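First the structure, which I've put down as structure tokens, then a few questions once you've had a look.
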Amino acid sequence: MKRYRRAQVQGFTLIELVVIIVIIATVASIVVPSYSHFWERTRFQGVVRDITELFADARERAVNKDTTVSVHFDTQMQTFVLETNPLQPQKELPVAFTSGEDTTLQDKATPGSKRGYQLREGTVITAFSLGNSGAVTSSAGNLTAESLHFHSDGTNEGARVSIINENGYAATIKVFPTTGQIITEEQ
């Protein structure tokens, strides 16, 4: 008696391929929106981190250079500008260091360096307040120009900056006046 062997056919059937494609499509429909939300949130957190680092840099420069460093917020351009002020004249010099001439460090000081940061498109500062003054809030972005000054001892007026982006992510950056500590709260 003859036995017939079936030839071993390798490959996939059409039904198996369709099932795999449906599984891939289902997984992609779940992963892609999650990834886009993750990417949008990461971009927003980057903006908040950049502003926080700008404030930290201003405090560090003020302490290291023994001067006042200002962080200005331009409401029209939605930019922050960090400006190191010239060195202050020293008022109390020992007699041994004075030569009888009235020369001060102020005369020799050059204007300090500047550093800026422009907010990314779709991100807006909704409130920027200094010290205990109430938050200047505006949905239209009509804030008054504000400046936060960091002093050589690390102190400042204190500030609160509220940020929101077009996707609804929001955060508040607080700068404490006595310590210069910066805290970020995301909502």
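Restricting attention to the range 49-70, and to residues there that are β-branched (Val, Ile, Thr) and under 13 Å from the mean Cα position of the chain (by Cα), which single residue is surrounded by the most Cβ atoms within 10 Å (Cβ to Cβ)?
Checked the range 49-70; the qualifying residue surrounded by the most Cβ atoms within 10 Å (Cβ to Cβ) is Ile51.
Would it be correct to say that Gly46 is more than 34 Å from the chain's Cα centre (by Cα) and small (Gly, Ala, Ser)?
no
Would you mind listing the strands (runs of 3 or more DSSP E) fully within the range 81-187 where at least 1 residues are modelled with pLDDT of 90 or more, at negative phi and not charged (D, E, K, R)?
Qualifying strands (runs of 3 or more DSSP E): 123-130, 146-150, 159-165, 170-175, 182-186.
Kindly list, by first and then second residue, each pair from a residue in the range 20-43 that is under 27 Å from Gly122 (Cα atoms) to a residue that is surrounded by 10 or more Cβ atoms within 10 Å (Cβ to Cβ), limited to pairs with Cβ atoms under 7 Å and residues at least 6 apart or on different chains.
Once the first residue is under 27 Å from Gly122 (Cα atoms) and sits in the range 20-43, its partners that are surrounded by 10 or more Cβ atoms within 10 Å (Cβ to Cβ) give Glu40/Asn167; Arg41/Tyr169; Arg43/Arg120.
The values are calculated or read from the model by the stated rules, or taken from the named source; none is laboratory data. Nothing here was measured: the structure is a model prediction, and the numbers come from that model. Cβ atoms come from the backbone with ideal geometry, glycine included; neighbour counts cover every protein chain shown.
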